[in-house]
Amino acid sequence: MSDITSQSLFELTSNIKEKKLSSEEITKVFIDRAEKSKKLNVYVTDNFEKAIDQSKKFDSNPNFDLKLPGIPIAVKDLFCTNGVRTTAGSKILNNFVPTYESTVTQNLWSQGAILLGKLNCDEFAMGSSNETSFFGNVQNPVGENLVPGGSSGGSSAAVAANLTPVTIGTDTGGSIRQPASFTGTVGLKPTYGSCSRYGIVAFASSLDQAGPMTKNVRDCSMLLEVISSFDQKDSTSIDYKRNCYSKELSKDIKGKKIGIPKEYRVDNMPDEIEQLWKNGISYAKGCGAEIIDISLPHTNYALPTYYIVAPAEASSNLARYDGVKYGFRSPGQNLIEMYEKTRSEGFGDEVKRRIMIGTYVLSSGYYDAYYLKAQKVRQLIKKDFDDAFSKVDAILTPSTPSSAFKIGEKTNDPVSMYLNDIFTVPINLAGLPGISIPAGKDKNNYPLGLQVIGKPFDEQNILNISYALEDKINFKNDISDWWLSE
Amino acid sequence: MSIDLKTVKHISKLARISIDDEKANKLKGDLNNIFEFIEKLNELNTDNVQALTSIAETTLRFRKDEIKSENIREKILKNSPEENKDFFVVPKVVE
């Protein structure tokens, strides 16, 4: 049997069901590896003691019909977990212990999973490098002093470093797919309305979605099957029949029409990414798919639109952090001073920047020029995809315009940081499902990803295309465990 | 269009985030860079475009107005920054 921590979710569940491994054995091995992996800084809060108790409890009365039987899983620290501190990577929630559980994490525990701990992320999921976290940056296991992407950077690093079999992240503008691409892992953002937002710390409510982050496509289908559900507690949750994604997973994509949008290129994009894309296209052809050139003419307007819509929604959502009902409070002479000091000391620079942008674009006299304009352009971006999907079944693009960069390289230039999400943001604006799969490496041996975008609720199709491509690409991460301590 | 220091201070007041002059100056630079980037949208004519208000093309559901959680006072007050078993405590607001 291969090393337990490097096994896929599929292998671990099979081994548990066949009684070759116990939940306690698996849980302890992951905890042991985490203790030696502190240098990566993936955990904000661990739940190790309780996890061992729960694994023993599972083993004493196992239910092998569950989809995640006794499987330990660490999750992004943006999901509220009942009785376990939830910080969203922020000082302002440093001491917040939820008294309720997010629907998505509840779905995990209902299927037998065990909480290992809470994973580092950019503050309120605002960032593309995990450098805005109050709890410090995360190291990418791919190489020392490289960012793991963001905002789900602790999650992508934890999966790549074999510190959790799978995890869940959230994606508002690329926060699952970009870190997956930077770490050689798989990450899927579902259709808006597929996974409940109840109990997820809100960033931009019309864009936020939770999704699986895994080592491979099959694991991704297994995890999506568990977390995707209709939920009365989320008013934008959509009631539709979800597929049995793992059962219906198939490499047969013969005759599928795959669109290649000519606009998914940027100035100075490394040749390797263009090459990676060409390889993906030829693999898809090799699987019998039909390649069709398409145009998404408003692609270049997606990021400016996003940087109005997302901060506007964030400024409203984050108004609740005022030091009154929960979280950090800085004392003041009067109520207003308390608000202002609490928010000034409790939020980090990037979060403040975005609240300021949002407040400005929603303020009297500027609403029409910015927010309304952005909502109109968002309609045009969505229409681009509607038109494209009348001709094709899915769209193939690079996931990111570059590979992982060095820690500190882009922290002083917000706009250059925002450009990381140029290929992922349009998908959130249009509410579509998208998946990033590892597809190759650049000259530094850093992973690069390809993105498959689908029609609304067509997760099965993009999983199947990814499954077929994954088989042809045969990606190997070759991570050296350089960070391990004794 | 450019955002001046006075505007930055005004926004920070609206956003209830106190900032000193040094931070305000830094933010002024950042915000101007970001808005320069956002201005790209003005290239597009959107006169006849309907604004997108909801991405999930569904109407909000109705539900019965029922009490589903009871006796949750303790839970709600559990994370309050200043302890008091009955209320949230804030600085005095009435003279």
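Rule-based calculations on the coordinates, nothing more; no lab input. The model shown is predicted, which means the values in this text are computed figures rather than measured ones. Cβ placement follows ideal geometry from the backbone for every residue including glycine, while neighbour counts extend to all protein chains displayed.
Computed over segment A:258-322, the percent of Cα pairs more than 17 Å apart is 61.
Using the number of other C-beta atoms within 10 angstrom as an exposure proxy, rank A:M356, A:M269 with the fewest first. Numbers along the way, then the final one.
Numbers: A:M356 24, A:M269 16.
Ordered from fewest to most neighbouring Cβ atoms within 10 Å, A:M356, A:M269 come out as A:M269, A:M356.
Diagonalising the gyration tensor over the Cα atoms of segment A:336-486 and scaling each eigenvalue by 5 before taking the square root yields semi-axes of 34, 27, 13 Å, largest first.
Short to long, the 10 Å bins of the Cα pair-distance histogram for segment A:380-447 hold 16, 41, 30, 12, 1 percent of all pairs.
Rounded to a whole number, what is D in µm²/s for segment A:274-366 from Stokes-Einstein with the Kirkwood radius over alpha-carbon pairs (4 °C, 1.567 mPa s)?
On the way: Rh = 17.0 Å.
In µm²/s, the coefficient rounds to 76.
Given +1 at the Cβ of Lys and Arg, -1 at the Cβ of Asp and Glu and no other charges, the dipole of segment A:415-486 around its Cα centre is 280 debye to the nearest 20. Relative contact order of chain A, taken over Cα pairs closer than 8 Å and 6 or more residues apart, is 18 percent. For segment B:1-75 versus segment A:284-333, the spacing of their alpha-carbon centroids is 11 Å.
Please state the shape class of chain B: rounded when a/c is under 1.5, otherwise prolate if a/b exceeds b/c and oblate if not, all from the C-alpha gyration tensor.
On the way: a/c = 3.67, a/b = 1.30, b/c = 2.83.
Note, shape of chain B comes out oblate.
Just check segment A:130-196 against the gyration tensor rule for me: Cα atoms, a ≥ b ≥ c as the square roots of the eigenvalues, rounded for a/c under 1.5, and otherwise prolate or oblate depending on whether a/b exceeds b/c.
Numbers: a/c = 1.98, a/b = 1.51, b/c = 1.31.
Cα axes put segment A:130-196 in the prolate bin.
Which order, highest average first, do A:406-416, A:447-457, B:68-78, A:385-395 follow once you tally other Cβ atoms within 10 Å for each residue and take the mean per peptide? Numbers along the way, then the final one.
On the way: A:406-416: 15.1, A:447-457: 25.3, B:68-78: 10.5, A:385-395: 18.3.
Ranked from most to least packed, the peptides come out as A:447-457, A:385-395, A:406-416, B:68-78.
Near A:K352, once Lys and Arg are set to +1 and Asp and Glu to -1 for all other residues with Cβ below 14 Å from its Cβ, the sum equals +2. Relative contact order for segment A:1-69: 42 percent, from Cα pairs under 8 Å spaced at least 6 residues apart, divided by residue count. Electrostatic tally near A:L318: other residues with Cβ closer than 9 Å to its Cβ, Lys and Arg +1, Asp and Glu -1, net +3.
What is the mean number of Cβ atoms from other protein chains located within 10 Å of the Cβ atom of each residue in peptide A:343-351, rounded to a whole number? Provide the component values of the computation, followed by the final result.
Details: counts 5, 8, 2, 1, 2, 0, 4, 1, 1.
Other-chain Cβ atoms within 10 Å of each residue's Cβ, averaged: 3.
A convex hull fitted around the alpha carbon atoms of segment A:1-119 yields 101 Å³ per residue.
Averaged over peptide A:93-103, the number of partner chain Cβ atoms lying within 10 Å of each residue's Cβ comes to 2.
Once backbone amide H atoms are built at 1.01 Å from N, A:I258 has A:E290, A:I291, A:I292, A:D393 as its partners under 5 Å, excluding neighbours fewer than 5 places away on the same chain. Once every Cα of chain A carries one equal point scatterer and solvent is ignored, give the base-10 log of I(q)/I(0) from the Debye formula at q = 0.06, 0.11 Å⁻¹, two decimals. Taking Cα atoms of chain A as identical point scatterers yields -0.24, -0.84. Close amide H pairs (under 5 Å, H built 1.01 Å from N) link A:V44 with A:K118, A:L119, A:N120, residues at least 5 positions away or on another chain. Can you classify segment A:335-397 as rounded, prolate or oblate using the Cα gyration tensor, where a ≥ b ≥ c are the square roots of its eigenvalues, rounded means a/c under 1.5, and otherwise it's prolate if a/b beats b/c and oblate if not? Taking the square roots of the gyration eigenvalues as a ≥ b ≥ c, segment A:335-397 is oblate. Over all pairs of different C-alpha atoms in segment A:82-164, the reciprocal of the mean inverse distance, the Kirkwood hydrodynamic radius, equals 13.4 Å.
What is the ratio of the Cα radius of gyration of segment A:198-257 to 2.2 N^0.38 Å, where N is its residue count, to two decimals? Don't jump to the answer; show the numbers that get you there.
Values: Rg = 14.2 Å, N = 60, 2.2 N^0.38 = 10.4 Å.
The reported ratio for this selection is 1.36.
Put simply, when A:120-128, A:99-107 are sorted by average Cβ atoms within 10 angstrom per residue, most first, you get A:120-128, A:99-107.
Would you please calculate the Kirkwood hydrodynamic radius of segment A:20-79 over all C-alpha pairs and express it in Å, rounded to one decimal? Please report the intermediate quantities before stating the final value.
On the way: mean 1/r = 0.0802 Å⁻¹.
Radius from the Kirkwood sum: 12.5 Å.
The distance separating the Cα centre of segment A:358-404 from that of segment A:95-144 comes to 27 Å.
Going down the list A:K19/A:K118; A:K257/A:K278; A:K341/B:K23; A:K215/A:K472; A:K189/A:K376; A:K76/A:K325, which pairs span over 26 Å between their C-alpha atoms?
Numbers: A:K19/A:K118 28 Å; A:K257/A:K278 16 Å; A:K341/B:K23 14 Å; A:K215/A:K472 16 Å; A:K189/A:K376 24 Å; A:K76/A:K325 23 Å.
Long pairs (Cα-Cα over 26 Å): A:K19/A:K118.
Average partner chain C-beta neighbours within 10 Å, per residue of B:44-50? All intermediate terms of the calculation are to be shown ahead of the outcome.
Values: counts 8, 1, 8, 1, 1, 8, 3.
Counting other chains' Cβ atoms within 10 Å and averaging over B:44-50 gives 4.
With the Kirkwood sum run over all distinct C-alpha pairs, segment A:159-229 has a hydrodynamic radius of 12.1 Å. Computed from backbone phi, the HN-Hα couplings of segment A:320-332 come to 5, 8, 10, x, 8, 9, 7, x, 5, 9, 10, x, x Hz, rounded to whole numbers (Karplus: 6.51 cos²θ - 1.76 cosθ + 1.60, θ = phi - 60°; Gly and Pro given as x). Between segment A:24-41 and segment A:406-466, the C-alpha centres lie 28 angstrom from each other.
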